[in-house]
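FYI, it's all coordinate maths here, none of it is from the lab. Keep in mind the model is a prediction, meaning the values are calculated, not measured. For neighbour counting, all protein chains shown are included, and Cβ atoms are generated from backbone atoms with ideal geometry for every residue, glycine included.
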Amino acid sequence: MPDPSGDPAAGDPPDPAAVARFVAARSRVLGGIADACAHSGRDPAGVTLVAVSKTVDAGRLRAAVAAGLTTLGENRVQEADAKVAAVPGVSWHLVGPLQANKARRAVAIFDVIESVDSLALAARLDRLAGELRPGRPLPVLLQVNVDADPAKAGFEPDGLAAVLPALVGLPNLELRGLMTVGRVVVTAEEARSTFRALRALAERLGAAPHEAAHGAADGTASPRGLGPALSMGMSADFPVAIEEGATLVRVGRALFGDRPPVRASDTPRLPGRLARPVPTPRRA
């Protein structure tokens, strides 16, 4: 993987040609969002585009930000750590798995952590948020393993209701909603059942996916309840996810092009967890 911090021209303005390419790519994706919203009777303002920027260096990201891509999603804490200072004006989301020993740094650098996959991790983040950002609850999403895929992390759908009171009781976290990583499918339509199931779960748990507080696309809600955000859908299937209620879509390849696949050695695991088989990477 290229070193994302290897950016000697950090003070230079973004390359105009690169900015123009990102403007065009962003326009195409926003057009897809608008079409999906029109098809499902939704307002495009209710969908946040998270540009998944893993392996993209800081120079290219500054061009992307200049083109209007100001919400970036990173898969690995250590990679994001090398970029945050070099790419200002951005809301940073952690969309990949979080190791317990990276939790402190994640709380320090990310604006939203979308991949809270256990009560133990939530409790750790709550403690750290109380230390590092007192009085400012950390926005998080609860990752749900909708398809019961043994290669993916996340709460079990049938078990989330039982632990939700404990999660809601964590005073330093703001539970904005739910997130899922869809299974590998051949066509976007095959992913619909996954997205529909996440929305149905949110509704059973008392969230309201189409009623984001104050019109916020990311579903900002009271720290004392589960918010309405639904983060689901990637480059190949985000229109279907929007039709099923997504309020955040995590798009990488459609904006940044193809990138090297993640190596097995790059896949983090929480201490004490059973090793999972490494699946074929699903491109964001």
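A straight chain from VAL185 to ALA86 at 0.36 nm per residue would run longer than the Cα-Cα distance by 32.0 nm.
Toward the positive end of the charge dipole of region 16-259, with +1 on the Cβ of Lys and Arg and -1 on the Cβ of Asp and Glu, the farthest Cα among LEU198, PRO97, PHE110 is that of PHE110. At an R0 of 30 angstrom, the distance between the Cβ atoms of HIS39 and VAL168 translates into a FRET efficiency of 0.30. A Förster distance of 41 Å, applied to the separation of the beta-carbon atoms of ALA151 and ALA20, puts the FRET efficiency at 0.60. Put a dot 7 Å past the Cα of LEU30, heading toward its Cβ, do the same for ALA100, and the two dots end up 4.4 nm apart. If you take the Cα centroid of region 96-111 and the Cα centroid of region 12-40, the two points sit 29 Å apart. Relative contact order, whole percent, for region 16-259 stands at 20, derived from Cα pairs under 8 Å and 6 or more residues apart.
In percent, rounded to a whole number, the relative contact order of region 123-198 is 37, using alpha-carbon pairs under 8 Å and six or more apart. Pop a pseudo-label 7 angstrom from the Cα along the beta-carbon direction at both ASP12 and LEU132 and give the gap in nm to one decimal. Each label point lies 7 Å from its Cα, and together they span 3.2 nm. Here region 139-200 is treated with +1 on each Lys and Arg Cβ and -1 on each Asp and Glu Cβ, and its dipole about the Cα centre works out to around 140 debye. By its C-alpha gyration tensor, with a ≥ b ≥ c as the square roots of the eigenvalues, how is region 16-259 shaped: rounded for a/c under 1.5, else prolate for a/b larger than b/c, else oblate? It is oblate, given that a/c is not under 1.5 and a/b is not larger than b/c.
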